[in-house]
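A short write-up of the structure that comes next.
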Amino acid sequence: MLAVRNLVKRFDKKEAVRGLSFSVSKGEAFGLLGPNGAGKSTTISMICGLLTPTEGEITVNGVDVARQTMKVKQMMGIVPQDIALYPTLSARENLLFWGQMYGLTGKELNTRVDEALEIVSLTDRQKDRIETYSGGMKRRINIAASLLHRPELLIMDEPTVGIDPQSRNNILETVKRLNGEMGMTVVYTSHYMEEVEYLCERVGIIDHGKLIALGSLSEVRRLAGGGSTIRLRVANPDEALAAAVGALPGIRQAQLQDGAIVALVTEAGDTLAPMLTAVTGTGKKVLGVEIEEPNLESVFLHLTGRALRD
Amino acid sequence: MRKVLAIATNGLVLMGRDRKALIMFLLMPMILIGILGVSLKDMMTQGKIEPFSVIVVNEDQAAQPALPPGAPPEVKVQLPTIHLGQVLIDEVLLSHEVQEIIRLEIASDLTAAKEQVQSGKAVAVIQVPATFSADVINSQPSQIKLYTDPGRPTQADIVRQITGAFTDQVTSGTVSAHLLGESDAQSRIELPVITQNQAGAKTVGGMQYYAAGMAVMFMLMSAITRSKAILQGREDGTLARMAISPTPQWIILTGQTLSSALLIGAQFTILLLGTTFIYGVDWGPWLPVLLIGYSFAIASSGIATGLAAIFRDPKAADGAVGLLGMVFGALSGSMFPLYIFPDSLMMVARLVPNYWALQGFLDQMAGLGLSYAWTPTLILCLTGVVVGAVGSVRLATR
């Protein structure tokens with residue numbers, strides 16, 4: 001369905017995307033994971049024809065994006081990272097306008113708007129102005145606007161940024177349904193690894209414009225070497241403490257993140273006790289411990305030495 | 001075409017939902033027109049045109065009337081030499097009455113004189129042809145030629161009235177040719193009544209002046225606000241969303257420009273009707289007034305697109321609404337009557353599209369009619385198309 005080959009994007013001297021290649025099959029949900037500024041949105045912008053690649057090729061259903069941009073745009077639905085809606089228009093008015101931008105008119109347009117509102121479960125609020133909506137509801141209409149023309153390929157650029165957990169779950173369920181029940185091919189970018197793990201069968205991890213891992217979830221997880229992540233919440237932690245923990249045997253990497261020391265370890269059972277001893281030995285109080293099984297976060301940590309949210 | 005209309009309609013709906021903008025661009029001008037029109041009424045009716053420069057290129061050669069058939073040859077000696085070009089200068093243009101409003105310059109180089117008009121240093125060149133006196137004596141058709149500044153129609157019309165009256169009188173026999181050789185010729189040439197506020201038949205009152213002035217000023221302010229709306233779309237992602245739909249960029253830009261034109265045109269229509277029915281303003285004949293008004297809407301829509309290409313973000317455009325609107329408004333005569341402007345400022349004023357719109361409206365209010373609407377209409381439409389096209393290209397490549 002989607003093929004990206006040797007994609008490069010340079011802005012003046014800065015190379016935002018560096019030789020990216022991946023493909024997405026029909027009906028698949030593919031996750032593009034990476035921290036902020038990794039090049040995800042630039043890649044998406046090139047796929048949807050908003051930016052011209054410096055080098056490389058993108059095809060959708062075998063159609064070259066650069067040569068037949070309009071044809072490709074008709075096949076794709078894009079959910080932008082921004083809530084690209086008119087706040088003073090109602091949800092229905094917004095959808096009617098965006099439907100017209102995809103060439104829909106008359107009865108068909110109205111039917112598609114009804115359908116999209118139903119998918120995002122906002123039929124009852126359709127006459128309310130967007131400015132009166134909560135962040136989560138706006139995000140749902142943002143998605144609905146990209147479904148009106150029943151695209152074969154749905155590209156979602158961080159669609160859950162800045163919303164409450166309940167709305168986030170609602171959006172994830174919607175995406176799951178679009179992919180699973182309606183057979184829509186989905187490319188989902190996020191820096192929330194749990195979302196990508198929940199939705200996608202295959203994943204690509206991008207960092208500094210380069211694809212550093214690509215494969216099925218289990219394949220990519222294995223890249224972390226089967227290691228676990230220990231998250232140690234400590235009162236007043238600092239970099240020196242993180243460095244001291246990182247130097248302990250069995251710990252591959254450790255860093256300070258969100259007031260906790262996050263360590264990638266080979267075997268959690270063997271490493272936890274020395275870690276606790278090292279921390280309490282400095283006089284600092286341990287507030288809590290979490291052990292996570294291998295996941296995309298630990299893969300990213302393993303591959304880059306940094307956390308995804310950095 | 002359907003998408004162009006959808007984008008244009010959407011822009012109108014969005015503006016219609018913006019109460020602040022509606023108050024600013026419909027209610028504010030109506031209030032200001034009322035206040036300024038009433039308070040500055042006297043100033044308008046007692047207005048005085050500042051003296052302006054006119055150049056005369058007198059190529060006329062003195063001529064002597066032919067002897068009547070059968071007249072003895074010695075009579076010829078008694079016949080005076082007639083030099084009508086010199087009479088026009090000495091007795092008409094240098095008369096006390098005309099000197100109050102015209103600064104006369106005498107030149108011999110016609111090309112250089114025309115350049116003075118083009119550069120705005122003079123309002124008109126009066127060219128008296130070499131055979132003017134001879135032609136008049138021999139009852140042959142002859143004409144004094146005028147080259148005037150289209151940007152200052154009021155002053156140009158005064159010059160036209162003066163030269164026209166002179167030519168009419170010397171060619172129609174009101175003043176007989178032989179008398180023109182005499183020293184009291186001036187007393188026999190009646191000068192036209194020079195209207196100081198406008199060249200037309202009607203007087204433009206304060207309420208009329210400020211109805212046109214404020215309408216023009218607020219229409220341009222709307223254009224700047226539209227540029228903000230275009231930039232807002234860029235910032236909030238709606239423009240990008242349009243761009244990722246199967247809608248070519250030229251359709252998006254055309255839709256947005258059409259939206260601006262419709263919006264500003266609607267604003268003009270409302271202000272035109274509002275001032276006509278609430279304040280009783282007589283704008284003049286509807287056809288030329290609408291022509292000028294909608295041409296200015298086109299010019300403003302082009303300016304909106306052009307400004308969107310210049311400003312970095314909506315905040316910058318927002319800041320410019322007041323500043324640019326006021327500066328352009330003041331420069332074009334929306335705040336202070338055009339006729340009190342010195343020549344140098346008038347030159348600058350002509351670079352501002354508001355000036356052409358305002359001057360066009362004033363000409364219609366003065367009763368000058370459709371023929372006076374073409375120049376502003378053409379200039380305004382051209383401004384809109386050129387500025388809009390340049391802005392569109394820049395926006396598309398930004």
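The table that follows gives values for the structure above.
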| read-out | value |
| --- | --- |
| Residue count for segment A:62-82, restricted to those that are within 11 Å of another protein chain (Cβ to nearest Cβ) and either within 25 Å of the chain's Cα centre (by Cα) or assigned to a strand (DSSP E or B) (or both) | 12 |
| Residues satisfying the stated conditions in segment A:256-271, i.e. under 31 Å from the mean Cα position of the chain (by Cα) and open to solvent by 30 Å² or more (accessible area, probe 1.4 Å) | A:256, A:258, A:259, A:266, A:267 |
| Only one of A:194, A:201, A:219 that is at pLDDT 85 or above and open to solvent by 60 Å² or more (accessible area, probe 1.4 Å) | A:201 |
| Residue that is in contact with a helix residue (DSSP H, G or I) (Cβ under 6 Å, 6 or more places away or on another chain), surrounded by fewer than 18 Cβ atoms within 10 Å (Cβ to Cβ), modelled with pLDDT under 85 and more than 30 Å from residue B:265 (Cβ to Cβ), where the choices are B:141, B:192 | B:192 |
| Count of residues meeting criterion [away from chain B (no Cβ under 13 Å), surrounded by 14 or more Cβ atoms within 10 Å (Cβ to Cβ) and under 19 Å from residue A:87 (Cβ atoms)] in segment A:101-134 | 9 |
| Residue count, segment A:32-52 (criterion: more than 29 Å from residue A:301 (Cα to Cα) and more than 9 Å from chain B (Cβ to nearest Cβ)) | 2 |
| Number of positions in segment A:31-61 that are surrounded by fewer than 18 Cβ atoms within 10 Å (Cβ to Cβ) and either in contact (Cβ under 8 Å) with a residue 40 or more places away in the chain or under 15 Å from the mean Cα position of the chain (by Cα) (or both) | 8 |
| Count - residues of segment B:217-238 that are open to solvent by 10 Å² or more (accessible area, probe 1.4 Å), over 15 Å from residue B:16 (Cα atoms) and hydrophobic (A, V, I, L, M, F, W, C) | 0 |
| Residue count for segment A:182-208, restricted to those that are within 21 Å of residue A:147 (Cα to Cα) and part of a strand (DSSP E or B) | 6 |
| Which numbered condition residue A:85 misses (of (1) in contact (Cβ under 8 Å) with a residue 24 or more places away in the chain; (2) open to solvent by 10 Å² or more (accessible area, probe 1.4 Å); (3) part of a loop (DSSP other than H, G, I, E, B)) | (2) |
| Tally, over segment B:235-257, of residues that are within 11 Å of another protein chain (Cβ to nearest Cβ) and assigned to a helix (DSSP H, G or I) | 13 |
| Exclusive hit being farther than 25 Å from residue A:135 by Cα, more than 14 Å from every other protein chain (Cβ to nearest Cβ), in a loop (DSSP other than H, G, I, E, B) and among the basic types (Lys, Arg), set A:26, A:9 | A:26 |
| Residue match in segment A:166-181 (condition: open to solvent by less than 30 Å² (accessible area, probe 1.4 Å), assigned to a loop (DSSP other than H, G, I, E, B), within 30 Å of residue A:118 (Cα to Cα) and touching a Leu at 6+ places or on another chain (Cβ under 7 Å)) | no |
| Candidate set: segment A:88-100, residues that are of a type in the set (A, V, I, L, M, F, W, C) and either in contact (Cβ under 8 Å) with a residue 60 or more places away in the chain or crowded, with 21+ Cβ neighbours inside 10 Å (or both); chosen: the one farthest from the other protein chains (Cβ to nearest Cβ) | A:91 |
| Subset of segment A:98-122 (residues that are more than 27 Å from the chain's Cα centre (by Cα) and either part of a helix (DSSP H, G or I) or among the polar types (S, T, N, Q) (or both)) | A:100, A:105, A:106, A:107, A:108, A:109, A:110, A:111, A:114 |
| Selected residue [touching a residue at least 12 places away in the same chain (Cβ under 8 Å), crowded, with 18+ Cβ neighbours inside 10 Å and not aliphatic (A, V, I, L, M)] from A:274, A:237 | A:237 |
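The values are calculated or read from the model by the stated rules, or taken from the named source; none is laboratory data. This one's a predicted model, so the numbers in the text were calculated from it and none came from an experiment. For neighbour counting, all protein chains shown are included, and Cβ atoms are generated from backbone atoms with ideal geometry for every residue, glycine included. Areas reflect the complete protein model, heavy atoms only, side chains present, ligands, DNA and RNA absent. Shrake-Rupley method; radii C 1.70, N 1.55, O 1.52, S 1.80 Å.
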